[in-house]
Every structure is written in C-alpha cells, then in structure tokens.
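Quick notes on the structure that follows.
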Amino acid sequence: MEPAYILSFMASFLQAVFTPALVLYAYSLSLDELQISVISGVASFVYVAGSLTSSAAHNRLSGSKIIALAFGVMSAGFAALLFSKTFTGILASSSLVLLGFGLFWPAVEAHLSRSGSSVSKFSFSWSSGSLVGALLTSTLLKLDLKLLFVAYTALSISQSALGLRIKGSSSSVYRHAGDAGTRDLLLLWAPWAYCIAYSASSSGVFTFYPLFVESRSLSRDYISLVNFTMLLTRTATFFFYDKAPRSLRNPLLAMLGFLAGLGLTSTANPILVALISGLIGYAQGMIYATALDLVFSRGSGIEKATSLFEAFIGLGYAAAPPLSGAANAAFGFEPISFASVLALATSLSASLSMKSFNATRHSKTRDRNY
C-alpha cells in the first residue's frame, strides 16, 4: 500500500482523538471554556502558519522529508504536553502539535495529487483514520491522559520514520512557468470559503461537545457517539462523492445539514443525537469534497493550492472556537449553534459567489459568440 495513505490514516487517527483529549485535559486542570476555546483557536492559527510553511519548504526539501519532519514536530508537542499544567504551557505544546499537522497535510496532498490520486481515495483514506479514532475516543479517554500522550509521542516517531520511505522528488521538479501565483489562487473565493465552513462546523463539535458532556455529567460515550456518527456519514459522503448524482452533490442542499448543529445540545436521546450528528457529517463531507475537487482540478500550482487549502481549513478551526466561546461568554449564545450558523453563512457565500461567477462567464461567452 502507498505509504502516504497509511500516513494520512494515522495522522487523522491522531488528530481525531487529540482534540477531545486536549479539551478534557485542559478542563481537568480547571481551565474555563473561554480559555480552552482560545487554546484551540491560537493553536489552529499555528496550523495555518505550518500549512503555508509547508509550501515554501518544498523549495528545499522533498515531500518525504517534510512529512517526516511534520511527525517529528508532532512528537515533540505530544511529549511537551506531559509537562504542561498551565494555560501558557498547554497553549505552547498544543500549538507545536498543530504546527506538525499543518506541515503534514499540504505535503501529503501535493504528493497524492501529483501521483494521480482521486478525491474519493484520498478523502476516504484520511477520513477512515478519523472514523477509527472517533470510535475509540471514549475508550481512550478513560485512560490516564498523560499515558495517552506518551503513546502518541511514540506513534508519531514511528510515522516519521515511515515518511522517509515515500518515493518522490522535491517539488522543484514539478514547478513550471504556468503555475498559478498565490495571489491568483487567493482570488478563488469558493473553495477557500468551503474550507472555512467545513472546519468551523467541525471545530465547533470537536471543541465544545466534550465540554457539554462533562458539564452535564453525561457519559463520555456520547463523545464517541457524536464524533463517530458525524465522521461515518462524512466518510460515506467521500466514498460516494465521485459516483453520486449531480443533484446530491449540490452544495446548497448539503449545507442545510449545518443547521442540525443547532439542536445537538438540546437532547440526550442517543437516537436523536446520532441523527443530528449524521446530518452534520453529511454537510461537512460534501462541502469538503467540493472544495478539494475544485483545488485538485486546477492541475498547476498544486503545492501552493494544497497549502492554501489546509491554511483556510486551519483558519476555520482558528476562528470558530474563540468566536463561539466569546459569543457564549458575552451573549449566552450556545457555542456549537454559533459555529453551525457561521459554517452555513460562509458556505452560502461561496455558493452564491460561484453562481455569480459562472453567470458572468457564460454571459461573456455569449457576447463573444455574437
């Protein structure tokens, strides 16, 4: 099997369990909801920096070396968490972990894009890792969290070694005069807005639902139920994306699923919780796959494009938790609901901008024909 698929699976597994583990670890040290949301947001801004750095690093390093470096940085962050007991310490350690993830994803996406991977295969690879992580979250959270961070450190080191086995040249071989510049890529508002919408919804659930469970003294099994169901429907969406009818791939239809987030904390009925989580997962999966399809279809400038792709995902993860936490602290707005509304508004703006762009382009085409 292609090592990049294994690494994508493992990185997603680590990331799926890390967020709720970090949230509950900080909560156990008496940090409040706003402090935890700030940690999540700032660390995600560092993720953005890592994503952009990953593109620049291709000028000097091969993709395999960047991937190996990424897991090495993650292992350092996981190890540092073992000794972090304050807001500042947890912030610094978690930022180091997210820096590693930021370096990793653009590098592996660029590698797989250059090797001809489809959206479905790559998305299914990493989402399957998230799915397994979500399934095991409740079980792993019952362990001593420091023991979990030790295991994460060791696993990251092993994946760093595997990263060096990836075959491929540095991206300087791939660059050519036709590659798009960063400024041109930034003008592609739709895929970047979809990225923000996807991660705003995801971060709202991953950050605040564990806190909801702890504050209401619910079983931690609810965390796995929500995360697993959400990621299961997201994975199914990835798997059938290329084969689905055009009507089902309509982002306007999919984004309505974000509205389900408004009811996630209103019930403790497992069936309703699973149903709501599934609708959220469908929306996330379709919006993410649409964005990735738009990026992969460009062909040229792929290193810059995938770095920006991950950077905008990181931007959603960075902005949504602090904004949601602040809205809750200032106005009593339920944070998952706030993040869901933010995701809906952002994805809607992307779809409307695409319709406007296509209408303008078709109008110009007709004018030329006359």
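Any residue at all in region 150-158 that is crowded, with 18+ Cβ neighbours inside 10 Å, closer than 18 Å to Ala26 by Cβ and touching a helix residue (DSSP H, G or I) at 6+ places or on another chain (Cβ under 7 Å)? Yes, there is a match, as at least one residue in region 150-158 is crowded, with 18+ Cβ neighbours inside 10 Å, closer than 18 Å to Ala26 by Cβ and touching a helix residue (DSSP H, G or I) at 6+ places or on another chain (Cβ under 7 Å). Surrounded by 19 or more Cβ atoms within 10 Å (Cβ to Cβ) and of a type outside the set (Ser, Thr, Tyr): does that describe Leu98? Yes, satisfied. Output yes when any residue across region 328-349 is of a type in the set (Gly, Ala, Ser), open to solvent by 40 Å² or more (accessible area, probe 1.4 Å) and at pLDDT below 70, and no when none is. Scanning region 328-349, I find no residue that is of a type in the set (Gly, Ala, Ser), open to solvent by 40 Å² or more (accessible area, probe 1.4 Å) and at pLDDT below 70, so the answer is no. Within region 62-76, the only residue that satisfies the criterion of being open to solvent by 60 Å² or more (accessible area, probe 1.4 Å) and of a type outside the set (Lys, Arg) is Leu69. For region 314-327, taking the residues that are in contact with a Gly (Cβ under 6 Å, 6 or more places away or on another chain) and of a type outside the set (Gly, Ala, Ser), the one that is most open to solvent (accessible area, probe 1.4 Å) is identified as Pro322.
Residue-wise test of (1) modelled with pLDDT under 95; (2) open to solvent by 10 Å² or more (accessible area, probe 1.4 Å).
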{"position": "Ser203", "(1), (2)": "no, no"}
{"position": "Phe208", "(1), (2)": "no, no"}
{"position": "Val213", "(1), (2)": "no, no"}
{"position": "Arg234", "(1), (2)": "yes, no"}
{"position": "Thr237", "(1), (2)": "yes, yes"}
{"position": "Phe240", "(1), (2)": "yes, yes"}
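The residues of region 1-37 that are closer than 16 Å to Gly72 by Cα and open to solvent by 10 Å² or more (accessible area, probe 1.4 Å), listed by number, are Met10, Gln15. Picking from residues in region 312-340 that are without any contact (Cβ under 8 Å) to a residue 12 or more places away in the chain and not aliphatic (A, V, I, L, M), the one that is farthest from Val226 (Cα to Cα) is Phe331. Screening region 242-263 for residues that are buried (at least 22 other Cβ atoms within 10 Å of the Cβ) and at pLDDT 95 or above and picking the one that is farthest from Tyr288 (Cα to Cα) gives Gly261.
Looking only at residues of region 77-94 that are more than 14 Å from Leu14 (Cβ to Cβ) and either touching a Pro at 6+ places or on another chain (Cβ under 8 Å) or assigned to a helix (DSSP H, G or I) (or both), we find that the one that is most open to solvent (accessible area, probe 1.4 Å) is Thr88. Being modelled with pLDDT under 70 and either on the phi > 0 side of the Ramachandran plot or open to solvent by 70 Å² or more (accessible area, probe 1.4 Å) (or both) is a description that applies to Asp184.
Go through Ser277, Ser266, Ser307 for me and flag whichever is modelled with pLDDT of 95 or more, surrounded by 18 or more Cβ atoms within 10 Å (Cβ to Cβ) and among the hydroxyl-bearing types (Ser, Thr, Tyr).
Going through Ser277, Ser266, Ser307 in turn, just one is modelled with pLDDT of 95 or more, surrounded by 18 or more Cβ atoms within 10 Å (Cβ to Cβ) and among the hydroxyl-bearing types (Ser, Thr, Tyr): Ser277.
Applying a threshold of 6 Å to beta carbon distances and a minimum spacing of six or more residues, or different chains, the list of pairs starting in region 11-28 at a residue that is within 20 Å of Met230 (Cα to Cα) and ending at one that is outside any helix (DSSP H, G or I) and among the hydrophobic types (A, V, I, L, M, F, W, C) is empty.
Quick grid of which residues meet (1) within 19 Å of the chain's Cα centre (by Cα); (2) aromatic (Phe, Trp, Tyr); (3) farther than 17 Å from Ile36 by Cα:
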{"position": "Ala68", "(1), (2), (3)": "no, no, yes"}
{"position": "Gly89", "(1), (2), (3)": "no, no, no"}
{"position": "Ser94", "(1), (2), (3)": "yes, no, no"}
{"position": "Gly100", "(1), (2), (3)": "yes, no, yes"}
{"position": "His111", "(1), (2), (3)": "yes, no, yes"}
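Evaluate the following for Thr19: is it of a type in the set (Ser, Thr, Tyr), outside any loop (DSSP other than H, G, I, E, B), under 13 Å from Trp105 (Cα atoms) and out of contact with any strand residue (DSSP E or B) (no Cβ under 7 Å at 6 or more places or on another chain)? For Thr19, the condition - of a type in the set (Ser, Thr, Tyr), outside any loop (DSSP other than H, G, I, E, B), under 13 Å from Trp105 (Cα atoms) and out of contact with any strand residue (DSSP E or B) (no Cβ under 7 Å at 6 or more places or on another chain) - is not met.
The values are calculated or read from the model by the stated rules, or taken from the named source; none is laboratory data. No experiment lies behind these values; they were computed from the predicted model shown. Counting neighbours? That spans all protein chains shown, and the Cβs are built from the backbone with ideal geometry, glycine included. Side chains included, ligands, DNA and RNA excluded: accessible areas come from the protein's heavy atoms. Shrake-Rupley method; radii C 1.70, N 1.55, O 1.52, S 1.80 Å.
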